[in-house]
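In what follows, a structure is listed as structure tokens, so that the remarks can point back to it.
The values are calculated or read from the model by the stated rules, or taken from the named source; none is laboratory data. Just so it is clear, the model here is predicted, and its values are computed rather than measured. Positions of Cβ are generated from backbone atoms using ideal geometry, with glycine treated the same way; all protein chains shown enter the neighbour counts. Surface accessibility is based on the protein's heavy atoms, side chains included, excluding ligands, DNA and RNA. Shrake-Rupley method; radii C 1.70, N 1.55, O 1.52, S 1.80 Å.
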Amino acid sequence: MIDRQESEISTNLPPAPYRLRLPGPTAVPECIRTAMAQPMLAHRGPEFSAILLEVERKLKPIFGTENRILMAAATGTGMMEACLVNVLKAGERILVVVNGQFGERFAAIGRALGVGVDTLEVPWGEAVDPSDIETRVGTHDYRAVVLVHNESSTGIVAELADIGAVLRNRPTLLLVDSVSGLGGVEMRQDEWGVDVVVSASQKALMCPPGLGLASVSQKAWQIVNREDGLPRFYFDFRKYRSEIEEGATPYTSAVSLILGLNEALYMIHDEGIPEVLARHRRISSALRAGCAAIGLANFPTKGRVSNTVCVFRAPAGLDGNTIVRRLYEKHGTVIAGARNKLAGKVIRIGTMGDIREGDILTDLLYIEDVLAELGHKLRRGAGVNAASAVLDS
Ligand code: PLP
């Protein structure tokens, strides 16, 4: 018998205090958690079907699309794989922009699927130059250009409008991971000519992990519908499309996550999509200003900085992982380091989802405390003051 009292983990609750400040998963607001605690529904019954279609209706303006929205029980990586497996066939090549960890992952998925993968390598912390994509697609025959909208490992945003313009009149598709962007960084899929956007529930959409989203353009459907594509089963977009037309998903829906997402989308629409995006911009600018004032340099160097994840260089002589560990030990504040070639060199803080002024001012208070404890020279209060000045402006 397993005795709850003797188990090391006797409760599901995190220790108090516990401040989840990762660039995903993000804190799930109370009303979303309550929505997910509703009684289970039949996933093919009329009650759930109505909610699924309502969720789709509310997602479309966030994607900036008139496409059907496909929903699968999967994480972001699952949707990245789904995106590639649906548009490729043996022998085809893709061009993957690699300027961070998730670009690397896209390339690795392509290789695992056995298609030809060329990479366009961009220094980490910089955005890809659309003219470099133009040059590559002008000299090679690519089925798709594949990239990450909001590179969570470096805090850089791709200029999708310009990249979309490069590909608009070519057969090459534009496939985009907006796992950490959607809902916090503007997406105008149809206007910008993005052919597939994939995303996930646990970032700016404020839900727990486990629900994947995809939106596929008409141009891309012509490719997805080919009979001679790569073998696919669970992630076959064709099945998700015919099922959503009936208000269902092909396999058992992630019912509770969809109920949570329904509530999250009400929150977003109640506030207003432009207002939500502006809040992300304001809060992230304030956090960057605060960090700059205490000697934490922004990691991104060239291109548009992310509004959903702020990435800072660890100060000279300090290991980023030590900062991360001390924030957790001393202040119950969970931020991220890096699990790639930037390990120890950067710290990453989420500014997405249900994020408010008090969150980042508290972050700065604790970061100042930990940096001072670790021997970093700073003026106490400088970070909080600089952030407040941006928030007041
Ligand atoms: N893409 C980006 C930009 C991400 O930030 C993440 C997760 O952090 C992923 C993909 C992978 O998502 P998941 O961990 O849900 O598989």
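General observations
- Dividing the Cα radius of gyration of the range 248-393 by its Kirkwood radius returns 1.04 for Rg/Rh.
- The calculated FRET efficiency for ARG226 paired with GLU47, based on their beta-carbon distance and R0 = 30 Å, is about 0.25.
- Phi angles across the range 375-387 convert, under the Karplus curve 6.51 cos²θ - 1.76 cosθ + 1.60 with θ = phi - 60°, into 3J(HN,Hα) values of x, 7, 6, 7, 9, 4, x, 4, x, 4, 5, 5, 5 Hz, Gly and Pro given as x.
- Mean Cβ neighbour count within 10 Å, used as a protection proxy, ranking 137-149, 167-179, 9-21 highest first: 167-179, 137-149, 9-21
- For the chain, the dipole from Cβ point charges (+1 on Lys and Arg, -1 on Asp and Glu) about the Cα centre works out to 640 debye, to the nearest 20.
- Over the range 276-327, relative contact order from alpha-carbon pairs under 8 Å, at least 6 apart, %: 34 percent
- Taking only Cα atoms of the range 50-138, radius of gyration then Dmax in Å: 15.8, 47
- To put it simply, the accessible area of the range 5-52 at a 1.4 Å probe is 60 percent carbon and sulfur.
- Qualifying trypsin sites (Lys or Arg not before Pro) in the range 187-229, DSSP loop, other Cβ atoms within 10 Å at most 10: none
- Considering only Cα atoms, the convex hull volume of the range 131-178 works out to 75 Å³ per residue.
- Here the spin labels are modelled as points 7 Å beyond Cα on the Cα-Cβ line, and at MET1 and ARG170 they lie 6.8 nm apart.
- Solvent-accessible surface of the range 30-268, taken per residue with a 1.4 Å probe and all protein chains present: 36 Å².
- Counting charges near ASP129 (Lys, Arg +1; Asp, Glu -1) among other residues having Cβ under 10 Å from its Cβ returns a value of -4.
- Remark: relative contact order (the chain) = 23 percent; criterion is Cα-Cα distance under 8 angstrom and separation of 6 or more residues.
- Carbon and sulfur %, accessible surface of the range 115-261 computed with the full protein complex present, 1.4 Å: 48 percent
- Peptide packing for 355-364, 370-379 was compared via the average number of neighbouring C-beta atoms within 10 Å per residue; ordered from the highest value, the list is 355-364, 370-379.
- Charge-dipole axis of the chain as Lys and Arg at +1 and Asp and Glu at -1 on Cβ define it, positive-most pick from ALA37, ILE9, ALA338: ALA338
- Fraction of antiparallel bridges per DSSP, the chain only, in percent to nearest 5: 50 percent
- Convex hull projection area averaged over all views, the range 30-268, Cα basis, nm²: 11.7 nm²
- Förster radius 35 Å - calculated FRET efficiency between LYS341 and THR135, Cβ distance, rounded to 0.05: 0.85
- Rounded to the nearest 500, the 222 nm mean residue ellipticity of the chain from helices alone is -13000 deg cm²/dmol, with -39,500 (n - 2.57) taken per DSSP H run of at least 4 residues.
- Solvent-accessible area of ILE2, all protein chains in place: 150 Å² (probe radius 1.4 Å, heavy atoms, ligands and nucleic acids excluded).
- Three-way shape label, the range 147-276, alpha-carbon gyration tensor, a/c 1.5: oblate
- Sorting 24-33, 281-290 by their mean Cβ neighbour count within 10 Å, with the most densely packed peptide first, gives 281-290, 24-33.
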